[in-house]
1. Could you tell me which of the residues R58, R42, R11 is exposed (fewer than 15 other Cβ atoms within 10 Å of the Cβ) and touching a helix residue (DSSP H, G or I) at 6+ places or on another chain (Cβ under 9 Å)?
2. Residues in the stretch 46-55: is at least one part of a loop (DSSP other than H, G, I, E, B), over 18 Å from the mean Cα position of the chain (by Cα) and surrounded by 12 or more Cβ atoms within 10 Å (Cβ to Cβ)?
3. With the structure loaded, tell me whether R42 is under 30 Å from R110 (Cα atoms) and not in a loop (DSSP other than H, G, I, E, B) or whether it fails that test.
4. Going by what's in this entry, would I64 be described as crowded, with 18+ Cβ neighbours inside 10 Å, in contact (Cβ under 8 Å) with a residue 24 or more places away in the chain and not in a helix (DSSP H, G or I)?
5. Of E71, E35, which residue is on the phi > 0 side of the Ramachandran plot and not in a helix (DSSP H, G or I)?
6. Within the stretch 88-110, restricting attention to residues that are at pLDDT 75 or above and in a helix (DSSP H, G or I), which residue is farthest from L130 (Cα to Cα)?
Amino acid sequence: MITREADYAIRTVVYLAQRFGKGPVATTEISEKAEIPYRFLRKISHQLVESKIVGATRGKQGGIYLIQNPEKLSLLDVLKIFDARSCHLNVCSDSDDACSRSTTCKVCQRLRELQEKLHAEFAGIKFSDL
């Protein structure tokens with residue numbers, strides 16, 4: 001399940017992707033239009049800036065803007081930052097070291113296959129398409 005924080009981050013990036021190349025967008029506008037609590041949005045936007053997905057400018061005409069091209073930015077990129085657990089089916093699907101049975105367990109092998117498909121699906125969803 002995707003956390004509320006990840007959901008809000010996705011909404012933020014979708015909103016910014018729709019305005020890509022048009023300059024900064026005020027966080028108050030994003031908060032209102034994307035229905036994200038303002039205080040939560042401030043926290044999320046800070047993390048997006050630190051992750052170099054979003055840039056920020058201060059001042060009267062300031063706001064946040066998408067740095068990365070929405071055609072190259074995937075849902076997986078944002079989920080890895082805000083909710084990496086939602087991208088993982090089980091601990092054994094991450095690496096052989098996570099479980100002593102992972103090399104012989106049929107369930108681990110199938111989960112790893114599903115994990116790869118899930119990551120590929122998330123990676124295939126670009127913000128330009130949302």
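The values are calculated or read from the model by the stated rules, or taken from the named source; none is laboratory data. Predicted model, so just to flag it, every value in this text is computed and none were measured. Methodologically, a virtual Cβ is constructed for each residue, glycine included, from the backbone with ideal geometry; neighbour enumeration extends over all protein chains shown.
1. Details: R58 fails: touching a helix residue (DSSP H, G or I) at 6+ places or on another chain (Cβ under 9 Å); R11 fails: exposed (fewer than 15 other Cβ atoms within 10 Å of the Cβ).
Exactly one of R58, R42, R11 is exposed (fewer than 15 other Cβ atoms within 10 Å of the Cβ) and touching a helix residue (DSSP H, G or I) at 6+ places or on another chain (Cβ under 9 Å), namely R42.
2. Keep residues of the stretch 46-55 that are part of a loop (DSSP other than H, G, I, E, B), which gives 51-53.
Narrowing further to those that are over 18 Å from the mean Cα position of the chain (by Cα): none.
No, every residue in the stretch 46-55 fails to be part of a loop (DSSP other than H, G, I, E, B), over 18 Å from the mean Cα position of the chain (by Cα) and surrounded by 12 or more Cβ atoms within 10 Å (Cβ to Cβ).
3. no
4. Yes; evaluated as a whole, the condition is true for this residue.
5. Only one candidate qualifies: E35.
6. My answer is K106.
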